[in-house]
Amino acid sequence: MKVVLPDSSELELPEGASGLDAARAIGPKLAEQAVLVSVNGSTRDLRLPLADGESIRFLTTRDANDPDALSVLRHSTAHLLAEAVMRLHPGVKIAIGPPIADGFYYDFEFPQPISESDLEAIEEEIRREIAEGRVWTREEVERDEAIARFEAESQPYKVELARTAEGAITLYTQGDFTDLCRGPHLQNAEPIKAVKLTNLAGAYWRGDEHLTQLTRIYGTAFYSQADLDAHLERLEQARARDHRKLGRELDLFHLSDHSPGSPFWHPKGMVLWNGLEDLRRRENRRRGYQEVKTPLLYDIQTYITSGHYENYRENMFFVQPHEGEEPLALKPMNCPGHMLLFGSELRSYRDLPIRYAESSTLHRDERGGTLHGLLRVKHITQDDAHVFVTEEQIQDEIDGMIEFASYLYDRFGVTPHAELSTRPEKRLGTDEQWDRAEDALEAALKRHGLGYVISPGEGTFYGPKIDLHMTDVLGRSWQMGTIQLDYQMPVQFGLTYMGADNREHSPVVIHRALLGSLERFLGILIEHYGGAFPFWLAPVQARVIPVGEGHREAARTLRGRLADEGFRAEVDDRDDTLGKRIRDAELEKVPFVVVYGDRESDEALAVREHGGEQSTLSVGELLDRFRELADEADPR
Ligand SMILES: [Zn+2]
Ligand SMILES: [Zn+2]
């Protein structure tokens, strides 16, 4: 048989040859360094057979930053972790140990609870295993054999996994440790050059809170010590920028057990909030969106019609009715309200597109354990819109939305990248509809030069979607907005419009939120900027500091002039020393500090720009600088 190499040349191999055989046929160095083989674009364990005609490419230890190469390294390290834990803590039960975004974890049921201080000894044991050398072997076994094996080892979680596993049962062994695992794995432990166990957490078996609570050990691994060091440095920076910490320090918001998952926005945080709202509102208006306001509470029938009752009930809040009254539920999304609004009048094709925008409060009952500052809340506000279009209008509308998203993300100096999710196995609608819908989404992404990946089969059952992600200053990727085509909900609500042919047609609806949840977006922005917000968004744009008591009047007058021009300025005339007041302004990352003393006048102000130099400006020059910076909010 033949396989195709990246340079399009063909490699002749015996029937049934594995990826590793192919690497050996090319050269011993490659065979030694190979960690995975990519076959027709998806990665595969080196030990698995290749088939005639497949295009192959090898990932090696030199692909140290490739997500798949890191993933196989980390998954293999998770197995070393399990081996180490079993040796150090006899009687431990092992559950699962997958790779995750920045590392890996393994879940255990320990006979005696362990603490973070135990991690060092485990880490040491892993290093010993690596130094000693470990080679992974893979075998396919019968289900019964796997079950018997793990029963003999008193590993009930593995027994359960073996019972319910789909497809062939495979085992990977290194040293005297065997795990039930799909793979892929490294050939041996040689490439694992740096390991760090990071923390412990509780986790439920199968993620179900009714089942046993296990102990999860998190860790990470890299192809070099330098890469691990850089990673730990990034984590350190991320901790310093944690939005919950900055939220307190900068007096932006707080969270309280009196209303779990619902932020209390302080006056300064509210300036940020309104900054996003102003941006959303202004840009919606420019693009023909109409602002609406729909109720928070609906009867159950509405949610049955929209499908939320069937598919989303677990995450909804129901309102206890008074006797003899029907129960109501708080809306988790705006769609049902917008459907009812559209259906409240007779619509003609001339009315379309109709673009309803609303950023009202939504409630989603995220479970306690998953709440995380502003990033996961129960009280959620989206820059939401539902656009009702004819089939012919889809293309232009999606196009406009991608342009809109790019414009918004640009305001924060981040480049969005997209994920296009296509038709899933179970779906409604015809293949022609799906063809057109997917083509429309992809064409828009291409036209705007937006980077995107395709997630085959990941669309919703009612239509394909684009998810928008942003990468922050620390290189972390966040999912923000979404654009979803939906042929079904309008049908469910019996919505129609009168076509040019004088017949009734169903509109298509596009659900879209571009910033996504405002709470989450602000949480990420706080971390992205490390609290040093751009001038147009900063809660306090300028602080005037009078040197002595005799300068207070002049400082207040100056503040008044800045405020008159619409800028957010304040005076710090506390009794503290000048040095302390300047330092405080710096810690609070106020963009401009103006010190007013004997030597200053309206013609010559001492101005410090955050992170910049001190300069002498007149009031007029200062205002010009402010206007110039404020224009960054809207550079048209
Ligand atoms: Zn595994
Ligand atoms: Zn919606």
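The values are calculated or read from the model by the stated rules, or taken from the named source; none is laboratory data. These figures come from a predicted structure and were not determined experimentally. When we count neighbours, we look across all protein chains shown, and the Cβ atoms used for this are built from the backbone with ideal geometry, even at glycine. Heavy atoms of the whole protein, side chains included, go into the accessibility calculation; ligands, DNA and RNA do not. Shrake-Rupley method; radii C 1.70, N 1.55, O 1.52, S 1.80 Å.
Points worth noting:
- Solvent-accessible surface (1.4 angstrom probe) belonging to Ser344, in square angstrom, nearest 10: 80
- Around Pro332: net Lys/Arg minus Asp/Glu count, Cβ-Cβ under 11 Å: +1
- Note on the chain: dipole from Cβ charges, positive end direction compared against Val547, Phe317, Gly202; the farthest Cα belongs to Val547.
- Directionally averaged projected area (the range 228-333, Cα convex hull): 12.0 nm².
- Counting only protein heavy atoms and using a 1.4 Å probe, the accessible area of Leu578 comes to about 60 Å².
- Among His528, Leu562, Pro14 - extreme Cα towards positive end, dipole of the chain, charges at beta-carbon: Leu562
- Per residue, the chain exposes an accessible area of 48 Å² to a 1.4 Å probe, with every protein chain left in place.
- Leading residue at positive end of dipole, the chain (Cβ point charges), from Leu587, Thr173, Tyr407: Leu587
- Mean Cα-pair separation over length for the range 269-352, i.e. relative contact order, pairs under 8 Å, 6 or more apart, %: 27
- Net charge over other residues, Cβ less than 10 angstrom from the Cβ of Arg423 (K, R count +1; D, E count -1): -3
- Hydrodynamic radius by Kirkwood, which averages 1/r over all alpha carbon pairs of the chain, in angstrom: 28.9
- Placing unit charges on the Cβ atoms only, positive for Lys and Arg and negative for Asp and Glu, gives the chain a dipole magnitude near 700 debye about its Cα centre.
- With contacts taken as Cα pairs under 8 Å at a separation of at least 6 residues, the chain carries a relative contact order of 8 percent.
- Nearest 10 degrees, 0 to 90: helix 619-630 Cα axis against the chain principal axis: 40
- Percent of C-alpha pairs per 5 Å bin, the range 491-636, short to long: 2, 8, 15, 17, 14, 9, 6, 5, 4, 4, 4, 4, 4, 3, 2, 0
- Per-residue Karplus couplings for the range 238-252, computed as 6.51 cos²θ - 1.76 cosθ + 1.60 with θ equal to phi - 60°, are listed in order as 5, 4, 5, 9, 3, 5, 6, 5, 5, x, 6, 4, 9, 6, 9 Hz, Gly and Pro entered as x.
- Compared with the dominant principal axis of the Cα atoms in the chain, helix 143-152 is inclined by about 80°.
- Axis angle, to the nearest 10 degrees, between helix 394-410 and the longest C-alpha principal axis of the chain: 70 degrees.
- Computed packing ranks the peptides 314-325, 160-171 as 160-171, 314-325, most packed first, by mean other Cβ atoms within 10 Å.
- What a 1.4 Å probe finds exposed on the chain is 47% carbon and sulfur by accessible area, rounded to a whole percent.
- Couplings 3J(HN,Hα) for the range 106-123, derived from phi with the Karplus relation 6.51 cos²θ - 1.76 cosθ + 1.60 (θ = phi - 60°), are 9, 9, 10, 10, 7, x, 10, x, 10, 10, 4, 5, 7, 5, 4, 5, 5, 4 Hz, where x marks Gly and Pro.
- For the listed peptides 437-444, 47-54, a ranking on the average number of other beta carbons within 10 Å per residue, highest first, reads 437-444, 47-54.
- To the nearest 10, the accessible area of Phe104 is 0 Å² with a 1.4 Å probe.
- Summed residue charge, Cβ within 12 Å of Tyr349's Cβ, Lys/Arg positive, Asp/Glu negative: -2
- For the peptides 479-489, 589-599, 514-524, residues were scored by their other Cβ atoms within 10 Å and the scores averaged per peptide; the highest-first order is 514-524, 479-489, 589-599.
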